[in-house]
Amino acid sequence: MSGRDADPLGGAVSDGILVVGGGIAGITAALEAAEAGVQVYLVEKSAHLGGRVAQLARYFPKLCPPTCGLEINYRRLRENRDVHVFTTAEVEEIRGEPGHYEATIRRHPRYVNDRCTACGACSAPCPVERPNPFDYGMSTTKTISLGHEMAFPMKYSIDASTCLFDDCAKCVDACPYGAVDLHMEEERIQLEVGAVVVATGWQPYDAGAIANLAFGHYPDVVTNVMLERMLAENGPTAGQVLRPSDGTPVRSAAFVQCAGSRDRLHLGYCSSICCLASLKEASLLLERNPEATAHVFFIDLRTPGTYEAFATKVLAHPNVRTTKGKVADILQDPDSGQLVVVADDMVAGAMRRLPVDLVVLASGMEPSLTQGRPAAEVAYDPDGFVAEGADGGGIFAAGCARAPVDVATATLDATAAAMRAIRVLRQATPLPAPTVTVPVP
Amino acid sequence: MSAEKRAGVYLCHGCGIGDSVDVDALAATARSTGGVTVTRTSRAFCLEDAELIASDIEAQALDAVVVAACSPRVNRQVFGFGAVKVERVNLREQVAWSHPPREEATEELAADLLRMGIAACGYASAPTPHTQAHQRSVVVVGAGPAGLEAAVAAADAGYAVTVVEREPEAGGFLRRIHRCWPSRPNVDTSLENPHLDELVERAVSHPNVTLRTSTTVEALVGEPGHFVASLQSASGATEVVAGSVVLATGSEPLASEHFAAYGLGTLPDVITSSEMEELARQGEIRRPSDGRVASRVAILACDGPSDDANLPYTGTVASMVALKQAVYVHDSQPDAEVFLVYEDMQTPGFDELYYRFVQRQRGVYLVRGHVSSVDQGEDGHLGVVARDSVLARDVRFDVDLVVLDIGMVPTSAPSLSEPVNLHLKYLQGEAMPLERSGFVDSNFLCFPFETRRTGIYAAGAVHRSQDVAASRRDGAAAALKAVQVVEKASTGEAVHPRVGELGYPQFFMQKCTACGRCTQECPFGALELDEARHPVINPNRCRRCGICMGACPVQVISFPDYSVEMVSAMQKAVELPEDDSKPRVLVLACENDAYPAIDMMGINRLQYPAHLRVLPVRCLGSVNAITVTDAIQRGFDGVALLGCRSGEDYQCHFIQGSELLGTRMDNVRETLGRLALEEDRVQVLETSIADARRLPDLLAGFAAGVAELGPNPMKGF
């Protein structure tokens, strides 16, 4: 990452690769390309890199923390002067042709400049508590905040939608280093690049849109990404699984698969990761609450290939139970107040009613670019994913911008997209003839 | 610090450090230390005052700089001064933010950390990079879709590529495939022609690509930047020099013996999915026994309770093969009936849409369950009995043809009669390290190309179970890694994860006992033996973990900027008070996981005992037993080794580091026994980067255990 000043270009243009999105796919594409000697501009719309994976408690199947791999990647970024990171920035427009694109980047004001040392002095006097989007609203932070302990860059930012600005300005006085600038303005940066990697990722499908699953109706119906934050040690419950309604430890949870996915009314495709994510969350739940039971309602358990062994291990646990069948309804028992999952048990051929403390909806992945698409010659499929660049193009998709995929596929995908981008650059500006020591046959 | 070194010490007041400790007193400590030429303080060195450091380096000809401020995890480039050694002393996260201010214990901690940092500078010299190897060329082994894509990608990027294919023509397994399933069934559900000939033509006609068919690799020697592949073909032997290698030898169907229960091999009309491709290529699907057009076909997923051998190799591919082949039957005979028996339809992502498309085809019946028997019925039919798990009863159907959906085994798998082998002339063996099912892979999650044989990258079906489109992406990605490693080798820089590191292990051969342990323990096979059985390093294979350094029983291995002496000097810089109320515990912490977790205690303002002295190490595997025993013999009351999980789901970035520590600890325990000291004074504590909230208790618990043992009797000797 370039030095303290995050605008190293001074408005100048340069060749190189533009990577849109700073999640695991974007970070990977940026680093892999830069480590092959290419200049990279990495544009992330939020204040920090890491994307969705930074919010996960653990990865399947190794049950290891995603921050471990992120730390290695952040270290690579810190050491690399060829990756230029722009946070709070969006790509507005990409014009041109393979080898010669001009991109317009719109950088929103962070209201905290590069003098920020992350000491935290600004946050203490801030009077505004706002719902924390990193925890999907299950906790609050001050409006000037670091985001989370693994934030990269490790700089504070202000949430403009809740800040009182000049009516308060306590943070300005509190900062010993003159880092808070409430009058920072939006800016536009022009970049000239040879190729583009779109790695804008995904967002959870709106579970509230699935009426029968009662999300938003009962507080103890949560989504898989919310449970993931509860399971995370740096999350709203510091890793404990507690019932949102009363804060008591969860003794039984129902995992409702395909909440939105494989459903023509919602997402027609399969979101790929939810079966494994639920099995992972079930085993983490049992690790935290050993007395608890986890009940998975599924149509097909999609745990292919390498993941089969993991699934077998989780399913062998006596407290993990499964029902093949779709969940029809989530109700509340009027007497006990407990939630009841009503499902069509395909094997038993009967409706089944299961009372539980917590219902976890495996809400699917929706491409982030269903909204806020840049003005650019990018083809989208009917579901909003970026269609793979045809040969001869210079804009490539990676990770969940291309298709719903797991992290292992996203990182591989990102490396491939980086290579395809480099090929476009090299064809526009070839390297000197290769050194060959191939003997003539 | 050695007298010839000139170091500057820069102490920061910022971010609460000045409130927590007496920075002027620390400056006085620095000034009284030998070799310290200049000492300065600042309210915030990361801002304008960073220039003071730069100008001192120039004016005072400093060769080392100690920045006593924030964690090395931040401001890396602000405090980067070219070739000058920079040692970061973490007074912010690990002192000011995690210990009570202005207490004696906190001040002592800060002073010790400062002394450790200054001591480290004395043992760092600028590395001389290894830059001899620079071949801008790649050998690709295997000319299937992954290999061809890798070849064209590397060639387009300006590299000379030699593709080696053992068959007489390029194309790999794809040559046997009739059609591919649609990659975007939400746009188009038609089966796709793989256009193999175009892919082959693109590679063959590329000026940077040389294709050698009917050729095998007989030996591979060298290192990234300069490998020599010995090739063998009917026309003779030849050698190719290349900077890196892509292994794309694909997969083959699982052996038929695993499917005997389905009648494969005994009933002529029971065939495999790859045989079905052959039939489909011929047009109408005619059954082998009598050549009659098959109008009733059973496709069996072979994913039931007795198919354990098949399951690791079916991946997401097998279900799609079954669906696609159901469409073949339909295309061949519009009135045909197809029964597809499966337990779980593995069609993630867009494949789901193809599954739904096939479900809607007339005459295609999906039966969820598993097969209990396949028999030769009367009048030439085969009888298939399946347990239908939805209807919870047995169903029977008579068919003309049974197709078994057989998993694809990577050509590297040891279970094959002749697994593909690059014949690496490496001391650690000729074969590539494999994951448990035989794929060429080591960490498929965060870093899919992290290989234990640096410079050799797997792609396609030998890497993981994947379809043609994914294999081609994998090929392009492996080509990038192949190109990258050559560029890094040309400047002597390490690749993942210590990217850019220049220093590599040096051996003080006069003292080497030729025990060979370093060569065995290196996770990357970087070390070979010479005739005197002394280790020889291939620097570009080395990933700079330091495991060899930890392994050496006589401590002859060191990096220019990381060594047993350096760690030892840091440990010795800690003052050990004779006062029994002031115990001291040394914490050797893995740099990537444990150290950041300790930082995050500080970021969360969580406290841990101030008498702990944290010393970051590259990997616990780089810790030499003597470091631990020296610390104990010097009088540390305890030593904790904080590192990653080992075993099957290991988290060590150097694969075996935390595992190897186990054997090192045996030596440590032996020494403790000899000294009549309690074993519990030294412990390995497994931790992860997410443990910031668990660490205060874990560390305090260890410290309490040590306290119970009483002061180390060796103290003061």
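The values are calculated or read from the model by the stated rules, or taken from the named source; none is laboratory data. Everything quoted here is computed from the prediction, not taken from an experiment. Here Cβ is always computed from backbone atoms with ideal geometry, including for glycine, and neighbour counts include all displayed protein chains. These accessible areas exclude ligands, DNA and RNA; they are computed on the full protein's heavy atoms, side chains included. Shrake-Rupley method; radii C 1.70, N 1.55, O 1.52, S 1.80 Å.
What the table shows:
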{"item": "Single residue of region B:192-206 satisfying the filter (without any contact (Cβ under 8 Å) to a residue 12 or more places away in the chain and not in a helix (DSSP H, G or I)) that is surrounded by the most Cβ atoms within 10 Å (Cβ to Cβ)", "result": "B:195"}
{"item": "Every residue from region A:202-221 that is open to solvent by 20 Å² or more (accessible area, probe 1.4 Å) and assigned to a loop (DSSP other than H, G, I, E, B)", "result": "A:205, A:206, A:216, A:217, A:219"}
{"item": "Residue B:251 being under 32 Å from the mean Cα position of the chain (by Cα), among the hydroxyl-bearing types (Ser, Thr, Tyr) and surrounded by 15 or more Cβ atoms within 10 Å (Cβ to Cβ)", "result": "yes"}
{"item": "Residue check for residue B:328: aromatic (Phe, Trp, Tyr) and free of Cβ contacts under 8 Å to residues at least 40 places away in the same chain", "result": "no"}
{"item": "Residues of region A:371-408 satisfying the condition of being touching a residue at least 60 places away in the same chain (Cβ under 8 Å), of a type outside the set (A, V, I, L, M) and more than 20 Å from residue B:153 (Cβ to Cβ)", "result": "A:372, A:374, A:377, A:383, A:400, A:404, A:406"}
{"item": "So residue B:194, is it over 27 Å from residue B:451 (Cα atoms) and within 12 Å of chain A (Cβ to nearest Cβ)", "result": "no"}
{"item": "Residue, surrounded by the fewest Cβ atoms within 10 Å (Cβ to Cβ), within region B:139-191, restricted to residues that are in a loop (DSSP other than H, G, I, E, B) and among the charged types (D, E, K, R)", "result": "B:188"}
{"item": "Number of positions in region A:92-143 that are open to solvent by 40 Å² or more (accessible area, probe 1.4 Å), of a type outside the set (A, V, I, L, M) and farther than 16 Å from residue A:175 by Cβ", "result": "16"}
{"item": "Identity of the residue in region A:224-259, on the phi > 0 side of the Ramachandran plot and within 21 Å of the chain's Cα centre (by Cα), that ends up most open to solvent (accessible area, probe 1.4 Å)", "result": "A:238"}
{"item": "Verdict on residue B:533 being under 25 Å from residue B:616 (Cβ atoms) and in a loop (DSSP other than H, G, I, E, B)", "result": "no"}
{"item": "Among residues of region A:283-306, those that are open to solvent by 20 Å² or more (accessible area, probe 1.4 Å) and touching a residue at least 60 places away in the same chain (Cβ under 8 Å), counted", "result": "2"}
{"item": "Single unsatisfied condition, residue B:712 versus (1) of a type in the set (S, T, N, Q); (2) over 30 Å from residue A:65 (Cα atoms); (3) surrounded by fewer than 22 Cβ atoms within 10 Å (Cβ to Cβ)", "result": "(3)"}
{"item": "Elements of type helices (runs of 4 or more DSSP H) in region B:1-103, at least 1 residues being farther than 19 Å from residue B:603 by Cβ", "result": "B:23-31, B:50-60"}
{"item": "Residue count, region B:649-698 (criterion: over 24 Å from residue B:99 (Cβ atoms), touching a residue at least 12 places away in the same chain (Cβ under 8 Å), outside any strand (DSSP E or B) and of a type in the set (D, E, K, R))", "result": "5"}
{"item": "Qualifying position, being free of Cβ contacts under 8 Å to residues at least 24 places away in the same chain and of a type in the set (Asp, Glu), among B:149, B:104, B:167, B:108", "result": "B:104"}
{"item": "Residue in region B:45-68 that is free of Cβ contacts under 8 Å to residues at least 40 places away in the same chain, under 24 Å from residue A:74 (Cα atoms), of a type in the set (D, E, K, R) and open to solvent by 10 Å² or more (accessible area, probe 1.4 Å) present", "result": "no"}
{"item": "Top-ranked residue in region A:320-339 [being in a loop (DSSP other than H, G, I, E, B) and of a type in the set (D, E, K, R); ranked as most open to solvent (accessible area, probe 1.4 Å)]", "result": "A:335"}
{"item": "Every residue from region B:265-288 that is assigned to a helix (DSSP H, G or I) and within 13 Å of residue B:404 (Cα to Cα)", "result": "B:273, B:274, B:275, B:276, B:277"}
{"item": "Residue count, region B:297-323 (criterion: away from chain A (no Cβ under 14 Å) and under 12 Å from residue B:364 (Cβ atoms))", "result": "3"}
{"item": "Strands (runs of 3 or more DSSP E) wholly inside region B:353-406 containing at least 1 residues that are open to solvent by 30 Å² or more (accessible area, probe 1.4 Å) and at negative phi", "result": "B:364-376, B:382-388, B:393-399"}
{"item": "Subset of region B:633-661 [more than 15 Å from the chain's Cα centre (by Cα), among the β-branched types (Val, Ile, Thr) and surrounded by fewer than 24 Cβ atoms within 10 Å (Cβ to Cβ)]", "result": "none"}
{"item": "Qualifying residue in region A:28-50 (condition: more than 12 Å from every other protein chain (Cβ to nearest Cβ), acidic (Asp, Glu) and outside any helix (DSSP H, G or I))", "result": "yes"}
{"item": "Number of positions in region B:445-462 that are without any contact (Cβ under 8 Å) to a residue 60 or more places away in the chain and either in contact with a Pro (Cβ under 7 Å, 6 or more places away or on another chain) or under 18 Å from residue B:411 (Cβ atoms) (or both)", "result": "1"}
{"item": "Single residue of A:120, A:137, A:178, A:147 found to be assigned to a loop (DSSP other than H, G, I, E, B), free of Cβ contacts under 8 Å to residues at least 24 places away in the same chain and outside the structural domain of residue A:71 (by TED's automatic domain parsing)", "result": "A:137"}
{"item": "Set B:514, B:489, B:482, B:477: member being free of Cβ contacts under 8 Å to residues at least 40 places away in the same chain, of a type in the set (A, V, I, L, M, F, W, C) and open to solvent by less than 10 Å² (accessible area, probe 1.4 Å)", "result": "B:477"}
{"item": "Count of residues meeting criterion [open to solvent by less than 10 Å² (accessible area, probe 1.4 Å), more than 8 Å from every other protein chain (Cβ to nearest Cβ) and not in a helix (DSSP H, G or I)] in region A:398-412", "result": "1"}
{"item": "Set B:392, B:459, B:413: member being of a type in the set (Gly, Ala, Ser) and under 18 Å from residue B:316 (Cβ atoms)", "result": "B:459"}
{"item": "Among residues of region A:51-72, those that are in contact with a Leu (Cβ under 6 Å, 6 or more places away or on another chain) and part of a helix (DSSP H, G or I), counted", "result": "1"}
{"item": "Complete set of residues in region A:384-397 that are touching a strand residue (DSSP E or B) at 6+ places or on another chain (Cβ under 7 Å) and outside any strand (DSSP E or B)", "result": "A:384, A:385, A:387, A:388, A:389, A:394"}
